[in-house]
Amino acid sequence: MRRTVILTALLAFTAPAAAHDLWLDPAGNGVQILYGHPHEPELPSAGKLMSLTAYEPSGAVALNAKLQTGAMPALKAAHQGDALFAAAYDNGYWVRLSDGGYRNASKRMLPQADKSLWSVKFAKAVSGPTAPWDKIVGQPLEIVPLEEPAAASGQIRVRVLFEGRPLDGASVVATDGVNFKSEADQARATTDADGVAVVSLRSAGPQVLGVAHRVSPSQTPALADADSYGATLAFTVTDPKSN
């Protein structure tokens, strides 16, 4: 467990694009909250999940995610029907110490740290043909599709918003949420001045788009040097013409 915690912090400091993500996987009777990397998800902390909402065609419903124990523990919430799901996850403060160690703490508690940040994750998932897929839910960092995700063919246009405004120069990465892809094999696109990127989709089926953004100085400078934001958008492409 300690090795996993240290690796998580290391990635957060050195390679934001490769850092652990939060993403959502709608199931037949609800939605599962996933954390980590697509090919090696970890069990997210229920205590760090700040909110989980289902935006149905008729309105928004707050969901209660529960930890399911057993051979395959999972953090899930029950839900029936089409929805745009949205989640917020506070991953807390992290510091890097001079000896190379990492701690899940703020620099106020460890002022000798040579680097520190606050990490927060946001996730959305489109489930069902009547889900309000184009809705802006107001997450601080948010990926908004500009065309119906399920019908995307070979690529999809999205807009990245940070604090409600288009984010220029952000790198949007596409995976399938299941399999490992090396840096060289990842489909990437950079947002323009309007926050828009055209992201290639290499096959039909599950898709997870991800984006990271770091702000320095932190909004809580007594606790961290920088704020690290991550956001994902999950959906399934049904068009067999996707390449």
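Every read-out reported here was derived from the displayed coordinates using simple, explicitly stated rules and does not represent laboratory data. Being a predicted model, the structure only gives us computed values, none of them experimental. Quick reminder, even Gly has a Cβ in these numbers, built from the backbone with ideal geometry, and neighbours come from all protein chains shown.
Put a plus charge on the Cβ of each Lys and Arg, a minus charge on the Cβ of each Asp and Glu, and nothing anywhere else: the dipole of the chain about its Cα centre is then about 660 debye.
Tell me what the chain gives for mean residue ellipticity at 222 nm when only DSSP H runs of n ≥ 4 count, each as -39,500 (n - 2.57), the sum divided by the residue total, rounded to 500 deg cm²/dmol. Taking each H run of at least 4 residues, the total per residue is -1500 deg cm²/dmol. The relative contact order of the chain comes to 19 percent, based on Cα pairs under 8 Å that sit 6 or more residues apart.
The C-alpha atoms of the chain define a longest principal axis, and helix 2-14 lies at about 80 degrees to it. By the count of neighbouring beta-carbon atoms within 10 Å, fewest first, ARG103, ARG214, ARG159 end up ordered ARG214, ARG103, ARG159.
I want to verify a result. In a Gaussian network model of the chain, Cα cutoff 10 Å, which of these has the top mean-square fluctuation: PHE162, PHE122, PHE85? In this elastic network of the chain, the residue with the biggest mean-square fluctuation among PHE162, PHE122, PHE85 is PHE162.
Summing charges over neighbours of LEU63, with a neighbour being any other residue whose Cβ is under 12 Å away from its Cβ, gives +1 when K and R count +1 and D and E count -1. Between the entries (1) 13.3; (2) 11.1; (3) 16.2, the label attached to mean projected area of the Cα convex hull in nm² calculated for this structure is (1). The modelled label-to-label distance for the pair SER45/THR130, using points 7 Å beyond Cα in the direction of Cβ, is 3.9 nm.
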